[in-house]
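The values are calculated or read from the model by the stated rules, or taken from the named source; none is laboratory data. Every value quoted in this text rests on a predicted model; they were computed, and no experiment measured them. Because the Cβ atoms are built from the backbone with ideal geometry, glycine has one as well, and the counts that use them run over all protein chains shown.
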There are 2 protein chains.
Amino acid sequence: MLYEINEKALKLESEGKKIIRLNLGDPDMTTPPEIVEAAYAAMKAGKTKYSSSYGELKLRQKIAEIHGVKAENVVITPGSKWAIFSTMFLTMKNGGNVIIPTPYWTAYDLITKSIGAQSKLLKTEMETGWKVDLDALENLIDSETKMIILNNPNNPTSKVMDDKTLEGIVEIANKKDIIVLSDEVYGAIAFNKTKSILDYGSDSKHIISNGFSKTFTMTGWRIGYIVANKMFIDQVTKLNQITFNNVPVFIQEAAMKGLELHKQIAENIKAKYRQRADLASKKLSATGFKFTQPDAPFYVFPKRDGLDGEKFTLDLLDRGVAVAPGTSFGDYREHFRISLTAPDNEIETGLDKICEATQ
Amino acid sequence: MLYEINEKALKLESEGKKIIRLNLGDPDMTTPPEIVEAAYAAMKAGKTKYSSSYGELKLRQKIAEIHGVKAENVVITPGSKWAIFSTMFLTMKNGGNVIIPTPYWTAYDLITKSIGAQSKLLKTEMETGWKVDLDALENLIDSETKMIILNNPNNPTSKVMDDKTLEGIVEIANKKDIIVLSDEVYGAIAFNKTKSILDYGSDSKHIISNGFSKTFTMTGWRIGYIVANKMFIDQVTKLNQITFNNVPVFIQEAAMKGLELHKQIAENIKAKYRQRADLASKKLSATGFKFTQPDAPFYVFPKRDGLDGEKFTLDLLDRGVAVAPGTSFGDYREHFRISLTAPDNEIETGLDKICEATQ
């Protein structure tokens with residue numbers, strides 16, 4: 001229903017109605033001007049030709065440095081979506097199943113279906129802090145299980161996985177010889193230091209997907225990357241060669257500029273979203289919503305007992321506020337997701353309308 | 001061996017050796033400055049957000065107008081490669097085979113293997129003007145055949161298919177209920193007006209892939225498109241949603257600017273390449289090479305009886321000229337491909353060295 005809500009919101013806007021858009025993870029801030037200028041300079045310098053399907057060596061080296069690996073462990077992709085699709089395609093194009101803890105990002109399940117694999121959903125609950133039950137995970141694994149997908153920090157809960165659970169998942173995966181794909185696209189802007197799957201060994205079969213969209217407000221630029229063992233990176237590169245060939249070099253140069261300014265940009269984003277998360281927490285608590293405190297930017301995933309999240313979302317849209325129903329992320333009818341990605345005053349008004357709507 | 005030669009050429013260059021690069025279809029000219037400026041203006045205007053997986057409506061409308069279809073028949077892709085991959089993936093991910101006339105662009109066969117389908121190659125020969133034998137084509141079709149891929153004008157021969165053969169292929173495809181995927185990426189810059197698969201009905205199952213790379217010297221920008229019936233366009237868009245999401249809007253704006261300047265840019269490119277093709281013809285004829293006159297820019301595919309094209313290519317690389325061996329395009333050991341995509345003086349020197357090498 002995520003895409004339906006978005007289209008309905010767009011339609012209402014085209015009819016002249018003002019809609020406060022708290023339904024997508026596309027930040028209201030613009031891409032930092034230094035990044036735009038870097039892209040322009042690269043274009044003017046003629047960096048507009050075919051290039052390596054691995055990505056530019058300079059950018060791969062810089063990313064490798066950040067993650068404590070070698071450049072040969074990094075491949076550049078058109079967004080973290082392609083990082084995820086290509087990883088799943090290469091691992092499961094001949095069948096198999098993937099375990100996906102929920103709530104989950106809708107695309108994981110859609111990709112699974114598209115490549116003809118099966119999803120096995122593992123439900124986590126707000127009441128137990130969105131914790132993955134390790135026994136339940138192990139019981140779900142069968143001989144056809146090829147992969148476990150983690151989204152850490154998580155969309156829609158903004159929860160960071162605790163170290164012990166993450167360690168437990170890696171142990172189970174190693175024992176059963178299953179790949180963990182860890183989507184860490186919100187990792188660099190988490191409010192607290194979060195562990196990465198790489199902290200459990202970079203020479204393993206486990207894979208990170210990541211992107212520049214969230215950290216550098218570069219959503220529409222479509223640039224991300226995979227960190228994995230060299231053999232897998234080579235496989236992805238071969239797939240890149242026959243699909244999109246390369247991310248435009250001028251976009252890679254823009255991303256490089258982002259990494260140079262990383263500390264400053266990421267700190268600004270974190271500060272901004274922490275403030276927004278605090279505001280949301282205050283207003284939602286006062287109205288009796290239950291939720292876990294966000295550990296990372298962008299989303300809150302509140303619950304109200306007995307709420308029909310889909311109906312609520314549609315009613316709210318009539319009041320001029322778009323959010324995403326919990327059912328878009330799995331079996332979460334009593335939840336809905338608020339994206340704190342609109343201008344501050346709109347977020348404030350949006351939150352007030354959300355609270356009014358449940359009175 | 002296409003990619004090996006390229007890597008060897010890059011390696012020799014990195015060792016300080018001057019290599020004349022006639023091995024890739026990446027033009028020496030830079031992207032026209034108006035196109036660069038259009039991208040920059042769009043970036044500065046904040047067109048850096050997530051956008052439609054169909055592509056921008058304005059661009060789709062403009063492309064639709066060029067091809068005499070509706071915007072709903074057009075989807076924007078990251079290069080014509082993705083247009084081809086996505087079409088083949090959606091048509092054959094559950095198996096089947098595809099008929100590919102040779103000489104062919106290597107990627108067709110690599111994509112086929114990657115998605116687990118089968119290629120059936122249909123050889124054409126220089127001596128019969130690279131004509132597809134319609135009876136042979138019909139005989140090759142079996143119950144598992146899902147698609148015929150045409151590359152018109154062709155890479156590596158730069159030959160345009162004659163109307164009668166094209167019509168014959170469409171008739172056979174219609175009779176057998178098979179999709180024709182027509183890769184027309186060199187179509188807009190062919191030296192003479194060429195027929196498109198769309199000239200045989202735009203409401204059919206047949207599909208065009210096309211791109212901006214060759215027509216607008218935008219190889220590294222990665223933007224192309226598919227023209228097909230609405231149902232297929234919707235399927236591709238769903239695949240786009242879970243793979244790369246959208247081509248950056250500022251790149252779509254750049255492509256839009258290209259289309260506005262189409263006539264002028266395409267005429268310049270045609271004039272330049274016709275001149276280069278004439279030079280190549282003169283020199284190659286004088287040295288006794290056999291080849292068909294190019295109908296479109298970029299490539300000549302000469303033959304010499306008894307030539308070992310792979311050995312010749314490697315020897316030539318030692319003399320400082322990179323070309324592509326005929327075996328990269330199918331069973332063409334006596335051929336090699338020259339890309340006329342280097343600066344004029346390098347093309348002249350390169351051709352001289354090619355002629356010397358066969359003395």
How many residues does the range A:282-322 hold that are within 26 Å of A:TYR3 (Cα to Cα) and more than 19 Å from the chain's Cα centre (by Cα)?
-> 24
Options B:TYR186, B:TYR200: the member that is among the aromatic types (Phe, Trp, Tyr), under 18 Å from B:LEU166 (Cβ atoms), assigned by TED's automatic domain parsing to the domain that holds B:GLU253 and more than 14 Å from the chain's Cα centre (by Cα) = B:TYR200
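May I ask you to verify whether A:VAL160 is surrounded by 22 or more Cβ atoms within 10 Å (Cβ to Cβ), within 22 Å of A:TYR273 (Cβ to Cβ) and within 14 Å of another protein chain (Cβ to nearest Cβ)? Give the steps one after another, and end with the answer.
Numbers: surrounded by 22 or more Cβ atoms within 10 Å (Cβ to Cβ): yes; within 22 Å of A:TYR273 (Cβ to Cβ): yes; within 14 Å of another protein chain (Cβ to nearest Cβ): no.
Judged against the criteria, A:VAL160 is not a match.
Starting from residues that are hydrophobic (A, V, I, L, M, F, W, C) and either within 9 Å of chain A (Cβ to nearest Cβ) or in a loop (DSSP other than H, G, I, E, B) (or both), keep the ones in the range B:1-34 and report whichever is surrounded by the most Cβ atoms within 10 Å (Cβ to Cβ). It would help to see each step written out before you state the result.
If we filter the range B:1-34 for residues that are hydrophobic (A, V, I, L, M, F, W, C), which is where we start, we get B:1-2, B:5, B:9-10, B:12, B:19-20, B:22, B:24, B:29.
Checking which are either within 9 Å of chain A (Cβ to nearest Cβ) or in a loop (DSSP other than H, G, I, E, B) (or both) leaves us with B:1, B:19, B:22, B:24, B:29.
Details: B:MET1: 16, B:ILE19: 20, B:LEU22: 27, B:LEU24: 20, B:MET29: 13.
The extreme case among them is B:LEU22.
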Among the residues of the range A:268-290, count how many are over 21 Å from A:TRP221 (Cα atoms) and either charged (D, E, K, R) or surrounded by fewer than 20 Cβ atoms within 10 Å (Cβ to Cβ) (or both).
-> 15
Can you find a residue in the range B:240-261 that is buried (at least 23 other Cβ atoms within 10 Å of the Cβ), away from chain A (no Cβ under 13 Å), closer than 20 Å to B:ALA64 by Cβ and in contact with a Gly (Cβ under 8 Å, 6 or more places away or on another chain)?
-> no
Hey, any hits in the range B:270-284 for a residue that's more than 14 Å from chain A (Cβ to nearest Cβ) and outside any helix (DSSP H, G or I)?
-> no
Residues (assigned to a strand (DSSP E or B) and touching a helix residue (DSSP H, G or I) at 6+ places or on another chain (Cβ under 8 Å)) located in the range B:325-352 = B:PRO325, B:HIS335, B:PHE336, B:ARG337, B:ILE338
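If you go through the range A:100-121 one residue at a time, how many are within 18 Å of B:ASN94 (Cβ to Cβ) and small (Gly, Ala, Ser)? Working first, answer last.
So in the range A:100-121, the residues within 18 Å of B:ASN94 (Cβ to Cβ) come out as A:110-118.
Applying the additional criterion that residues be small (Gly, Ala, Ser) yields A:114, A:116-117.
Final tally of qualifying residues: 3.
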Does B:THR313 meet the test of being of a type in the set (Ser, Thr, Tyr), touching a residue at least 24 places away in the same chain (Cβ under 8 Å), within 14 Å of chain A (Cβ to nearest Cβ) and assigned to a helix (DSSP H, G or I)?
-> no
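Here is a yes/no grid of residues against (1) modelled with pLDDT of 95 or more; (2) under 16 Å from B:HIS67 (Cβ atoms):
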residue	(1), (2)
B:LYS146	yes, no
B:SER158	yes, no
B:THR194	no, yes
B:ASP199	no, yes
B:SER213	no, no
B:THR217	no, no
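Test B:LYS205 against the criterion of being modelled with pLDDT of 90 or more and assigned to a loop (DSSP other than H, G, I, E, B), and give yes or no. So that I can check it myself, show each step before the final result.
Numbers: modelled with pLDDT of 90 or more: yes; assigned to a loop (DSSP other than H, G, I, E, B): yes.
Spelling it out, B:LYS205 is indeed modelled with pLDDT of 90 or more and assigned to a loop (DSSP other than H, G, I, E, B).
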B:ALA38 versus (1) touching a residue at least 40 places away in the same chain (Cβ under 8 Å); (2) assigned by TED's automatic domain parsing to the domain that holds B:ILE141; (3) in contact with a helix residue (DSSP H, G or I) (Cβ under 6 Å, 6 or more places away or on another chain): which is the lone unmet condition?
-> (2)
Applying the selection to the range A:220-269, what residues are within 22 Å of A:ILE197 (Cβ to Cβ) and in a loop (DSSP other than H, G, I, E, B)?
-> A:ILE223, A:ALA228, A:ASN229
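Looking only at the range A:213-231, how many residues end up being away from chain B (no Cβ under 11 Å) and either crowded, with 20+ Cβ neighbours inside 10 Å or among the β-branched types (Val, Ile, Thr) (or both)? Before the answer, list the steps.
First pass over the range A:213-231, keeping only residues away from chain B (no Cβ under 11 Å): A:214-215, A:225-231.
Then drop every residue that is not either crowded, with 20+ Cβ neighbours inside 10 Å or among the β-branched types (Val, Ile, Thr) (or both), which leaves A:214-215, A:225-228.
Residues meeting the conditions: 6.
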Which of the residues spanning the range A:161-187 are touching a Pro at 6+ places or on another chain (Cβ under 7 Å) and assigned to a helix (DSSP H, G or I)?
-> A:GLY187
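Here is a list: A:ILE179, A:ILE207. Which entry is more than 13 Å from the chain's Cα centre (by Cα), buried (at least 24 other Cβ atoms within 10 Å of the Cβ) and more than 14 Å from chain B (Cβ to nearest Cβ)? If you could, list the steps in order and put the result at the bottom.
On the way: A:ILE179 fails: buried (at least 24 other Cβ atoms within 10 Å of the Cβ).
Going through A:ILE179, A:ILE207 in turn, just one is more than 13 Å from the chain's Cα centre (by Cα), buried (at least 24 other Cβ atoms within 10 Å of the Cβ) and more than 14 Å from chain B (Cβ to nearest Cβ): A:ILE207.
Quick one: would you say A:LEU121 is assigned to a helix (DSSP H, G or I) and in the same structural domain as A:LYS175 (by TED's automatic domain parsing)?
Working: assigned to a helix (DSSP H, G or I): no; in the same structural domain as A:LYS175 (by TED's automatic domain parsing): yes.
So A:LEU121 fails the test.
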Those residues of the range B:72-114 which are more than 10 Å from chain A (Cβ to nearest Cβ) and more than 26 Å from B:THR217 (Cβ to Cβ) amount to B:GLU72, B:ASN73, B:THR91, B:MET92, B:GLY95, B:GLY96, B:ASN97, B:VAL98, B:ILE99, B:ILE100, B:PRO101, B:THR102
Does B:THR124 satisfy the criteria of being under 19 Å from the mean Cα position of the chain (by Cα), more than 14 Å from every other protein chain (Cβ to nearest Cβ) and surrounded by fewer than 24 Cβ atoms within 10 Å (Cβ to Cβ)?
-> yes
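Please indicate, with yes or no, whether at least one residue in the range A:239-256 is among the charged types (D, E, K, R) and either modelled with pLDDT under 95 or not assigned by TED's automatic domain parsing to the domain that holds A:ASN73 (or both). Step through it out loud before you land on a result.
In the first step, residues of the range A:239-256 are kept if they are among the charged types (D, E, K, R); the result is A:253.
Going one step further and asking which of them are either modelled with pLDDT under 95 or not assigned by TED's automatic domain parsing to the domain that holds A:ASN73 (or both), we end up with none.
There is no residue in the range A:239-256 that is among the charged types (D, E, K, R) and either modelled with pLDDT under 95 or not assigned by TED's automatic domain parsing to the domain that holds A:ASN73 (or both).
Criterion first (at negative phi, at pLDDT 95 or above and of a type in the set (Asp, Glu)) does A:ASP234 satisfy it?
On the way: at negative phi: yes; at pLDDT 95 or above: yes; of a type in the set (Asp, Glu): yes.
The answer is yes for A:ASP234.
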Quick one: count up the residues across the range A:35-58 that are surrounded by fewer than 19 Cβ atoms within 10 Å (Cβ to Cβ), more than 10 Å from chain B (Cβ to nearest Cβ) and among the charged types (D, E, K, R).
-> 1
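Which of the residues that make up the range A:141-160 are more than 25 Å from A:ARG337 (Cβ to Cβ) and outside any loop (DSSP other than H, G, I, E, B)? Reasoning before the result, please.
We begin by selecting, within the range A:141-160, every residue more than 25 Å from A:ARG337 (Cβ to Cβ); these are A:141-146.
Correct list: A:THR145, A:LYS146.
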Residue that is acidic (Asp, Glu), within 19 Å of B:ALA228 (Cα to Cα), out of contact with any helix residue (DSSP H, G or I) (no Cβ under 6 Å at 6 or more places or on another chain) and outside any loop (DSSP other than H, G, I, E, B), where the choices are B:GLU72, B:GLU65, B:GLU127 = B:GLU65
